[in-house]
Amino acid sequence: MRELSVYYCPKCGYYGYYQLQRNAVCPKCREDMVTLSISYQDFMDLSCEARDELLSAHIIAAASPYVRRLLAPHKTNNNREIIARMGDRITELEIENEKLNKTIEWMHQTIWELMRKTKGLDPGNKESSETGIDP
Ligand SMILES: [Zn+2]
């Protein structure tokens, strides 16, 4: 019989034991689970707190540097599920934020182009408003 390995879901922190990698799919998120570099027996010997701590550390280590920085202070107060969910949410928000920034950039550019075009079509108007001598 093949030995069991410990797998965890990086999205929600769920963990389980599987013989084959292909069976290690999170039942909640349908995400592929990540294998943990600890033997099944060593993991079983850990207390629940120690398991949470180990998994939290792994989830934080696997996160992007930005997410890692935000999660680090919470590590001592949170369990693995919260750490995983927070990390996932922060990543989501980061992607959303990036999209919004790009939209704003695009809008600025469009507005500037419009302004340049408007000014280009009527250069006389600009001069008169600057000098202010027109009646
Ligand atoms: Zn999951």
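All but one of (1) surrounded by 10 or more Cβ atoms within 10 Å (Cβ to Cβ); (2) modelled with pLDDT under 85 hold for N97; state the number of the condition that does not hold.
Looking at each condition in turn, N97 falls short on (2).
Give E113, E94, E105, E49 a once-over and let me know the one that is in contact (Cβ under 8 Å) with a residue 24 or more places away in the chain and either small (G, A, S) or assigned to a helix (DSSP H, G or I) (or both).
E94
Quick one: which of A72, A62 is modelled with pLDDT under 90 and away from the ligand (no atom under 15 Å from the Cβ)?
A72
Quick test of your reading of the structure: K28 fulfils all but one of (1) within 16 Å of the ligand (Cβ to nearest atom); (2) assigned to a helix (DSSP H, G or I). Name the failing condition by number.
(2)
Of everything in segment 31-46 that's assigned to a helix (DSSP H, G or I) and touching a residue at least 12 places away in the same chain (Cβ under 8 Å), which residue is farthest from the ligand (Cβ to nearest atom)?
My answer is Y40.
Can you run down the residue pairs with Cβ atoms below 6 Å, 6 or more apart or on separate chains, where the first is in segment 63-77 and without any contact (Cβ under 8 Å) to a residue 12 or more places away in the chain and the partner is surrounded by 15 or more Cβ atoms within 10 Å (Cβ to Cβ)?
R68/I60
Looking at N77 and the list (1) part of a loop (DSSP other than H, G, I, E, B); (2) touching a Ser or Thr at 6+ places or on another chain (Cβ under 9 Å), which single condition is not satisfied?
N77 satisfies all of (1) part of a loop (DSSP other than H, G, I, E, B); (2) touching a Ser or Thr at 6+ places or on another chain (Cβ under 9 Å) except (2).
Consider S56 carefully, then state whether it is in contact with a Lys or Arg (Cβ under 7 Å, 6 or more places away or on another chain) and surrounded by 14 or more Cβ atoms within 10 Å (Cβ to Cβ).
When the stated conditions are applied, S56 passes them.
Any idea which residue in segment 6-22 is nearest to V34 (Cα to Cα), counting only those that are surrounded by 20 or more Cβ atoms within 10 Å (Cβ to Cβ) and more than 9 Å from the ligand (Cβ to nearest atom)?
Y7
The values are calculated or read from the model by the stated rules, or taken from the named source; none is laboratory data. Only a predicted model underlies this, so the values are computations on that prediction, with no experimental measurement involved. Virtual Cβ from ideal backbone geometry, glycine too; neighbours counted across all protein chains shown.
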